[in-house]
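No value in this document is a laboratory result; all are computed from the given coordinates. Quantities reported herein were computed from a predicted structural model and do not represent experimental measurements. Backbone-built Cβ (ideal geometry, glycine too); neighbour counts: all protein chains shown.
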Amino acid sequence: MTVRDQLGRTAQVVAADVEIANGVVHVINGVMLPDLELPTVVEAAQSAGLTVLLDAVTAADLGGALLGADAITVFAPTNDAFVAALEAFDAANLNQLVARIGGIENLQTVLGFHVVPAVAFSTDLAATNTFTTLAGQELTVRSGSSGVTVTDAAGNTVNVVAADVAIENGVVHVIDGVLLPELELPNVVEAAQAAGLTILLDAVTAAGLGGTLLGQEAMTVFAPTNAAFGDLLEALNLGSLQELINTLGAEAVTKVLGFHVVPATAFSFDLAEGSQEVPTLAGENLTVTRTGNNVTVTDAAGNTFNVVAADVAIENGVVHVIDGVLLPTL
């Protein structure tokens with residue numbers, strides 16, 4: 001005699017018709033399992049109140065990848081863990097954090113660093129375990145008498161505070177910190193190339209300022225578009241960047257470019273509401289005005305231009321793309 005469960009697995013009756021007071025027992029050589037319902041990773045996070053993690057997953061558009069994975073172990077930070085991360089990055093909310101770490105792609109890297117593409121319950125762990133995550137980077141998980149800890153790429157160690165939450169495609173372990181992988185940010189030249197600011201790059205090369213910008217400890221760059229340079233050339237009745245350099249002189253062009261660089265990092269949300277004067281590498285202040293989410297920059301001649309693409313994080317600061325060329329006193 002055989003018995004089949006709801007999952008299609010069979011077991012043999014090895015001892016039949018064992019009479020008991022209120023019926024009969026048949027001994028079988030397997031465990032019969034019903035069709036069990038386990039939560040998805042999203043449902044498990046909702047039940048645990050991990051709302052900030054869910055917001056981050058939504059912002060990074062990773063929900064489908066997690067739900068569709070064959071097997072995963074998720075190290076899920078608590079809301080308090082995300083609050084601590086926001087404070088560490090001087091960010092008031094998730095959007096500011098995303099800006100500071102370099103955008104959605106790096107948020108995807110951070111979240112992927114919390115996911116191992118295999119199932120590992122706490123009872124499956126050795127004393128020390130190295131896992132490759134969905135971010136392609138390794139994290140270290142240690143298990144001992146005091147519990148389970150996880151160490152990130154920077155050497156920071158966090159604790160598993162709720163282990164072994166089974167989900168339909170794996171397991172979730174709740175942790176008390178956000179794990180940080182190694183994140184790559186572009187340098188200022190790479191950011192300008194990605195934004196198509198070819199005339200600005202040509203001007204920086206002609207002025208020999210590339211090394212200065214790359215070596216700056218912290219900076220904010222107001223980077224004019226190609227169209228902005230075109231408007232300036234048209235206003236001066238010049239046909240090319242080289243004509244501009246010949247007309248103004250190399251020293252003046254260097255001052256113009258330095259007038260676009262503030263020797264400190266200021267994302268748009270770091271700016272106070274209203275107008276403020278900020279120093280530049282040209283030795284002359286420019287005026288930056290924030291009105292809500294809009295930022296404008298005013299040069300020495302009183303010309304005001306708009307920030308058309310804000311908060312492009314670079315390895316030593318931030319770039320804001322503007323629609324005009326700022327002119328200092330020449």
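List the GluC sites (Glu not before Pro) within the stretch 203-246 that DSSP assigns to loop and that have no more than 11 neighbouring Cβ atoms inside 10 Å.
Values: sites: 217, 234, 243; in loops: 217.
Loop-located and lightly packed - 217.
With the chain treated as a Gaussian network of Cα nodes joined by springs under 10 Å, which of 268, 122, 145 yields the largest mean-square fluctuation?
So, out of 268, 122, 145, the one fluctuating most is 145.
What percent do you get for the relative contact order of the chain when only Cα pairs under 8 Å and 6+ apart count?
On the way: 624 pairs, mean separation 43.2, N = 330.
In percent, rounded to a whole number, it is 13.
Where the only charges are on Cβ atoms (+1 Lys, Arg; -1 Asp, Glu), what is the dipole of the chain about its Cα centre, to the nearest 20 debye? Don't skip to the end; give the middle numbers.
On the way: 6 positive and 36 negative charges, 42 e Å.
Using Cβ point charges on Lys, Arg, Asp and Glu, the chain gives about 200 debye.
Return the single residue from 79, 303, 159 with maximal mean-square fluctuation; model: Gaussian network over the chain, springs between Cα atoms under 10 Å.
Taking springs between Cα atoms under 10 Å, the residue moving most is 303.
Farthest toward the dipole's positive end in the chain, which of 301, 246, 166, given Cβ charges of +1 (Lys, Arg) and -1 (Asp, Glu) about the Cα centre?
The residue sitting farthest along the positive end of the dipole is 166.
Over 19 Å apart: what share of the alpha carbon pairs of the stretch 195-247 falls there, rounded to a whole percent? Walk me through the numbers before you get to the answer.
Details: 431 of 1378 pairs.
Counting pairs separated by more than 19 Å, the tail of P(r) holds 31 percent.
Please name whichever of 114, 30, 274 sits farthest to the positive end of the charge dipole of the chain, dipole taken about the Cα centre and charges placed at Cβ: Lys and Arg +1, Asp and Glu -1.
Of the candidates, 30 comes out farthest on the positive side.
What are the residues whose amide H is under 5 Å from the amide H of residue 167, where those residues sit 5 or more places off or on another chain and H is modelled from the backbone?
Answer set, sorted by chain and number: 172.
Give the shape of the stretch 280-330 as rounded, prolate or oblate, defined through the alpha-carbon gyration tensor: a ≥ b ≥ c are the square roots of its eigenvalues, a/c under 1.5 means rounded, and otherwise the shape is prolate if a/b is larger than b/c and oblate if not. Can you show the working numbers first?
Details: a/c = 2.06, a/b = 1.28, b/c = 1.61.
Note, shape of the stretch 280-330 comes out oblate.
So what is the calculated 222 nm ellipticity per residue for the chain, using -39500 (n - 2.57) for each DSSP H run with n of 4 or more, over all residues, to the nearest 500 deg cm²/dmol? Please report the intermediate quantities before stating the final value.
Numbers: 12 runs with 99 residues, N = 330.
Computed mean residue ellipticity for the chain: -8000 deg cm²/dmol.
Please compute the alpha carbon radius of gyration of the stretch 41-175, then divide it by the globular-protein estimate 2.2 N^0.38 Å. Two decimals is fine. Show your work: numbers first, answer last.
On the way: Rg = 14.0 Å, N = 135, 2.2 N^0.38 = 14.2 Å.
Normalised Rg, Cα atoms only: 0.99.
So, with +1 on the Cβ of K and R and -1 on the Cβ of D and E, and no other charges, what is the size of the charge dipole of the stretch 136-210 about its Cα centre, to the nearest 20 debye?
Working: 1 positive and 9 negative charges, 27 e Å.
In debye, rounded to 20, the stretch 136-210 gives about 120.
Using the Cα centre as the reference, give the magnitude of the dipole from point charges on the C-beta atoms of the stretch 172-330 (Lys, Arg: +1; Asp, Glu: -1; all else neutral), rounded to the nearest 20 debye. Each step should come with its number before you reach the end.
Values: 2 positive and 18 negative charges, 52 e Å.
That gives a dipole near 240 debye.
The stretch 251-330 to the stretch 69-135: how many Å between their Cα centroids?
34
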